[in-house]
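Remarks on the structure that follows.
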Amino acid sequence: MIRLTLMTAFIGILTWGWQASAAENPTRSKLNAAKAEYDKAMKDYKDEVGRWFDKEDESARKAAANVTERVKAIMAEKKDFEESGTLPKRAPSAFKDKPAKAITGLTKAYKTASDEFTRQKNDEEAMIVQKELAEFVKSNPEWRVKFPVGKYSCVYNTGVKASTELRADGTYIRVKLDNPTPSEGKFAFEKGTLIFRNNTNDPFEVWTIVGDEIRLKHWYPTNTYPAGPPTETGKAIRQSK
């Protein structure tokens, strides 16, 4: 009984110490609050989209014709949203900026916390926050909201057609329809656009969202980017996951 009482007291002291430490660390407290805000924002967003899909399904089942086809299409769209986060083009425009805003907010909170810990000379905690940020960006990259993973049909003003597949790890594979040899590389998300680089890390193509369209600009040779005018322009349309 004495041993148990001492152990309970020891755990109580540790708990009190941890609570005191947490209370004395406003930087970590602010970051935890930002995480909770992000979780709530994403849950609210998914719930809101889920309710919209439910209304779409209900409306399709009351249609005068092609009921089965309409319901199947909505179910496929809902599954695509649940797996990749892709919204149908007809979805309310108010939905589209919410996840990106939440991701940007928490990313900024991580960076602020890292800077604050560094100013406090708490380098160990700053490194922990930087690692948390890297894991967050890897699992919740902002580019996926605007450019979901999957295959895209690309059509250029020169008549060239290609298929470009965006992969979850930030790489792509591109195949021109008149040349079956694939090319691969990486892309980066910068200021709301995707910048594609070839296997020698030279940038050659930029994707930008304009309204409901993905506009493309292509440079060849690559050393003309970005100062020179693009040699090709076009559009990309997502085909599948």
Self-check item: 14 Å beta-carbon shell around Asp47, net charge (K/R +1, D/E -1)
Solution: +2
Practice problem: Quickly estimate the mean residue ellipticity at 222 nm for the chain, helices only: each DSSP H run with n ≥ 4 gives -39500 (n - 2.57), and the total goes over all residues, rounded to 500. | Solution: -17000 deg cm²/dmol
Quiz item: What aspartates and glutamates could a cross-link reach from Lys30, if we take a straight Cα to Cα line under 20 Å and drop same-chain neighbours fewer than 8 places away?
Solution: Asp39, Asp115, Glu116, Asp123, Glu124, Glu125, Glu132, Glu135
Quiz item: What's the center-to-center distance, using Cα atoms, between the stretch 173-241 and the stretch 114-161 in Å?
Solution: 19 Å
Quiz item: Which order do Ser114, Ser93, Ser183 fall in if you start with the one that has the fewest other Cβ atoms within 10 Å?
Solution: Ser93, Ser183, Ser114
Practice problem: Considering the options Asn201, Val175, Ala41, tell which one lies farthest towards the positive end of the dipole of the chain, charges being +1 on Lys and Arg and -1 on Asp and Glu at the Cβ, about the Cα centre. | Solution: Val175
Quiz item: Are any of the pairs Lys96/Lys161; Lys55/Lys146; Lys62/Lys151; Lys89/Lys138; Lys46/Lys79 more than 22 Å apart by Cα-Cα distance, and if so, which?
Solution: Lys96/Lys161; Lys55/Lys146; Lys62/Lys151; Lys89/Lys138
Quiz prompt | Most mobile listed residue (Arg51, Arg28, Arg167) in the chain, GNM with C-alpha springs under 10 Å | solution = Arg51
Quiz item: Over the chain, what relative contact order in percent results from Cα pairs under 8 Å that are six or more residues apart?
Solution: 12 percent
Exercise. Just tell me which aspartates and glutamates come within less than 13 Å, Cα to Cα, of Lys186; anything on the same chain fewer than 8 places away is out.
Key: Glu165, Asp169, Asp202, Glu205
Practice problem: Would you mind giving the average projected area, over all directions, of the Cα convex hull of the stretch 146-240 in nm² with one decimal? | Solution: 6.0 nm²
Quiz item: Using a Gaussian network for the chain with springs between C-alpha atoms less than 10 Å apart, which of these wobbles most: Ala126, Ala73, Ala34?
Solution: Ala73
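Read-outs throughout are calculated quantities, based only on the coordinates presented, and are distinct from any laboratory measurement. Since the model is a prediction, treat every value here as computed from it, not as a measurement. Positions of Cβ are generated from backbone atoms using ideal geometry, with glycine treated the same way; all protein chains shown enter the neighbour counts.
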